[in-house]
Every structure is written in C-alpha cells, then in structure tokens.
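Data block below; observations after.
Every read-out reported here was derived from the displayed coordinates using simple, explicitly stated rules and does not represent laboratory data. As the structure is a prediction and not an experimental result, all values here were calculated from the model. Quick reminder, even Gly has a Cβ in these numbers, built from the backbone with ideal geometry, and neighbours come from all protein chains shown.
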Amino acid sequence: MLRRFLISRKGLAFLGMLMFGRVQSANGETVFIEAESMRCQSDGWKAPENVQTRRASRVKLMQGADGAGDRVALPCDQRMLIGLSNQSLQPLDRVHLQLRTWHPVTRVKSVRHGVLVTAVDDVGVNGFNLPLGPRAFVKVTHAPPELRIGKMRVGKVLFLGNSITLHGPAPQIGWTGNWGMAASTRDKDYVHRLVADIARAAGGEPQVIVRNIADFERGLGAFNIPDTLKEELAFQPEVIILAIGENAASPKTDLARTEFATAFANLLAELKQHGQPTIFVRSQFWEDTEKDQLMKKASTDAGVIFIDISKLGSDPANFARAERQIDHAGVAGHPGDKGMQALADALWTALKKESGTID
C-alpha cells in the first residue's frame, strides 16, 4: 500500500520548522500525522516522560495546516526529528514523503530502517520512501546555514584576549563574574555585545569560542601556540577578534621590541593558517605606544585589520570605577559597561566596514 504526502517549510531559521500539509490517500482518507513531545539533547532526542508523550500523541494530531498541531518537527542544531504515526490501523509497505527545506539536506535517516535514499527534484524538494508501522521517526540532517554580513562570513567567531575579554571568578579580588572584566553583567561585556550585533545583522547566532590568552602576553615566544590553542585552531574560525597586549611588559629595548614583534607576528601567522579567517586586532585599552605601534606594523605586514581604540582609555567614564564602587584597584581599572559598549562599537564599525556594508 502506497501513501504519499508533502512536508513543506514554514520559514524559520536553519532548516526551518517543518510543516506537514494535510495527508490524504488517493480516496481522500486522512492517513496519519502526529508529533511527539521531546527535548533536544546533546546525544539526540529524548521524551521528557511517557505521560507527556502520550498527551502529545492525543492532542497534536495534524488536521490541516493551522494551529499548534503544526509543530511536528523538532530542531536540534543541524538536524530535525520528524515523528510519524500511522492511523490507518494497518502497516504501510511504502510511504513516499517529500521534504522542502531552507537548506540542502545531507542525509535522511529512519530510526528503524537506517539511511534512506533521497532524490531532489528541480525545485529543491527531497523525496524518499520508507515502510511505516504504527509509528516512525525520521532524522533529517542539513548543511549549516552560511551566516554572512555583506561579503564576510561570520558563522564562527573566535575571541582571543585577556581579562577584558574573559576572566573567571576571583573572589580574592572581589570579582565574581565569568565574563569580560569589569562589565556589571555577562551580556554587557564587549564580547556579548558584539556577538549580539553580528547575530542581528547576519540573521542567526554564530558559533563562538572565547579564550583568555594572557599567558601569551606574559610568555611571548615561550607560549606554544599550536599546542595551547589546539581547539581554537581546529575550530577554523571565520572571524577572529584579537584583543591582547595589556599584560605584556612595555618593550624599552631593541631586544624587547624584537621579542614582542616576533611573537605577535608568529601568532598572526599561525591563526591565518587555519581556515580563511578575517582577523581584527585592536590596540590596547590602556595605551602603550611602543606595543601598539609594533602590533599595528605586524597587522599591516600580515594583511589583517588593525583598530585603534587608544582614545577609549583616556576617557575616565569608560572605567568601571566611574560606574560603581569597586575596592580592588585592578578590577576598577578595567572597562565598565560604558567602556565595554565603546569597545564593541569600535569593533562592530570595523566589521561592517570590512564586510562592505558601510563605507
């Protein structure tokens, strides 16, 4: 017995929320559709509890293309799970399904029958067949959407910085946050503000890694870049924000300047070898002309974007001590919410300029 129906898209992000149209056999009989109540977990999909699943089976029958019952596909990163239930009271030898999605489908797999052969027609509809007993689950894997701002890919963003970028809790100095020091809350540090700007402009949330590499600033040439940044390099970011320098000693001799410049150039060279990232280097919040000039020259030589933010540190209003009482002078000397916003704005302007969306 053959049954045929269409799964169409009702546009949302990624694969989109899949929609079943009304399912009918050739003689007009409604055959099946119902959704199960499940949660997306890192290792797959799991029903919260049987009673919820039974309730979903009763109340989420698809009877058309409107209403809460339309939500019959469950998103999980780059996959969707489609729950099917056969209400014809007899096994179906072959059911033909057609799936229309936002993004190219890379695999369709039945939980019971394994990977299914799919065929794509000239308008991008994926067709596949499977036998259907009382119920079935179909996993659909799709290619990740490419996030862009103008000409620039922004799907994977790597932040490499120091305490201004990320500092874990340090109660001994009165700092209890686990974000950029000294924003008052996580969402007010420059990293989270900038990521929010990128997400709004690109129409989706990028993947983000944030890493404190103050050890590089202190160790310079002794810092083993490939080993220490193994995970970050394997990430192959599309955008890198490099916000370092403050913890390095100010180079006052030719030897010290050479050491700093060489280490910084080596870091840029290593970052460029992994994927094709657009790299942004900002000058220091606490201005140091010697280091800033060396970083600017290394950035120019490497063909990456250098952003001068030196004026931000000369404005007392940008420091956390201007916003609230902080006993520890080191913490108080970090950017506060206003300073973090200024940092994010400077970086965001540079990103938009590089993407071609502003002059």
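Label region 253-359 by shape, choosing from rounded, prolate and oblate, from the square roots a ≥ b ≥ c of the eigenvalues of the Cα gyration tensor; if a/c is under 1.5 it is rounded, and otherwise prolate applies when a/b is larger than b/c, oblate when it is not.
Oblate, since a/c reaches 1.5 and b/c is not below a/b.
Could you work out how far apart the two model spin labels at Leu89 and Thr228 are, taking each label as a point 7 Å from the Cα in the direction of the beta carbon, and quote it in nm?
The answer from the label model is 7.1 nm.
Over region 97-231, what is the mean sequence separation of C-alpha contacts under 8 Å (at least six apart), divided by residue count, expressed as relative contact order in percent?
20 percent
In what sequence do Thr228, Thr165 fall when counting other Cβ within 10 Å, fewest first?
With the fewest neighbours first, Thr228, Thr165 line up as Thr228, Thr165.
Compute the whole-percent fraction of alpha carbon pairs in region 194-322 spaced more than 19 Å apart.
53 percent
Below 8 Å between Cα atoms, with a sequence gap of 6+, how large is the relative contact order for region 274-359 in percent?
24 percent
With the contact rule set at Cα under 8 Å and sequence spacing of 6 or more, what percent relative contact order holds for region 194-301?
Across region 194-301, relative contact order equals 30 percent.
Are there trypsin sites (Lys or Arg not before Pro) in region 229-321 that DSSP puts in a loop and that have at most 15 other Cβ atoms within 10 Å, and which ones? Write out the running numbers ahead of the final one.
Numbers: sites: Lys230, Lys252, Arg257, Lys272, Arg282, Lys291, Lys296, Lys297, Lys311, Arg321; in loops: Lys252.
Here the sparse-neighbourhood loop sites are Lys252.
Kindly put Glu270, Glu238 in sequence by how many other C-beta atoms sit within 10 Å of each C-beta, fewest to most.
Fewest to most other Cβ atoms nearby, the residues stand as Glu270, Glu238.
Test of understanding: ordering Glu287, Glu146 by Cβ neighbours within 10 Å, fewest first, what list do you get?
Ascending number of Cβ neighbours within 10 Å: Glu146, Glu287.
In vacuo Debye scattering of region 108-222, one point per C-alpha: log10 I(q)/I(0) at q = 0.21, 0.23 Å⁻¹?
Reported log10 I(q)/I(0), two decimals: -1.13, -1.22.
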